[in-house]
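**Q** Input: one structure, supplied below.
The values are calculated or read from the model by the stated rules, or taken from the named source; none is laboratory data. Fair warning: this is a prediction, and the values are worked out from it, not measured in the lab. Glycine gets a Cβ as well: all are built from the backbone with ideal geometry, and neighbour counts include every protein chain shown.
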Amino acid sequence: MTSTNFNLFKSQIYFKDDFHSFAKCQELDRLYFAWPWGHSHWQDLAKDSQNYSLFTIGSENELTGLALYYIPPSSSLVHLLKLIMTPSVRRQGWGQKLLLKSMQDLQKINRSEFYLEVEENNTVALNLYNKIGYKILCRKKDFYGSKRNALAMKYFVQNT
């Protein structure tokens, strides 16, 4: 698959009615995320879908990446829960495009603060978040397990 075939699109989470999309996202998470969620976690998310936003990248036949956000009601903050790209498209700029597009769309609904946690030794992700403008808030000791620390990071939209 060539990168010119990719389309960015936003979709709210409609897993109750769209089992195929649900299964694709769950599969991507299981295969390519260091801490995949179990089936019940994805089902719980589908039950509370109005507080989540899912952005995906791929072709008509293949899901190659996703960005999943929790959107608390009555807040300017959003929490990036997952940014997942398949190995075939990593280090080609598609993760950055997906992240920037999703942040841009969320700004249209008055979201101006973006929060995430990332494993301290995940240098590829850290480089991406730093490049975009995320700043480290704090270190969370043993967040991902024994001796697996996280960095909490935040991005503030600059008013121009």
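**Q** Tally up the residues in region 110-131 that are closer than 25 Å to TYR32 by Cβ, surrounded by 14 or more Cβ atoms within 10 Å (Cβ to Cβ) and not small (Gly, Ala, Ser), please.
**A** Just the residues of region 110-131 that are closer than 25 Å to TYR32 by Cβ, to begin with: 114-131.
Those left that are additionally surrounded by 14 or more Cβ atoms within 10 Å (Cβ to Cβ): 114-120, 122, 125-126, 128-129.
Filter once more, so that each one left must be not small (Gly, Ala, Ser): 114-120, 122, 126, 128-129.
Within region 110-131, residues that are closer than 25 Å to TYR32 by Cβ, surrounded by 14 or more Cβ atoms within 10 Å (Cβ to Cβ) and not small (Gly, Ala, Ser) number 11.
**Q** If I filter region 68-100 down to residues being over 22 Å from GLU27 (Cβ atoms) and in contact with a Phe, Trp or Tyr (Cβ under 8 Å, 6 or more places away or on another chain), which single residue comes out as surrounded by the most Cβ atoms within 10 Å (Cβ to Cβ)?
**A** Per the criteria, the residue is VAL78.
**Q** Still on this structure: Would you please name the residue that is modelled with the highest pLDDT, looking only at residues in region 45-73 that are over 13 Å from ASP105 (Cβ atoms) and touching a Lys or Arg at 6+ places or on another chain (Cβ under 6 Å)?
**A** Applying the filter and picking the extreme gives LEU68.
**Q** Need a quick list: strands (runs of 3 or more DSSP E) entirely within region 98-160 having at least 1 residues that are touching a residue at least 60 places away in the same chain (Cβ under 8 Å) and in contact with a helix residue (DSSP H, G or I) (Cβ under 9 Å, 6 or more places away or on another chain).
**A** Numbers: elements: 113-119, 135-140, 150-156.
By residue number, 113-119.
**Q** Shifting gears a bit: For region 78-94, indicate whether the set of residues that are assigned to a loop (DSSP other than H, G, I, E, B) and among the β-branched types (Val, Ile, Thr) is non-empty.
**A** yes
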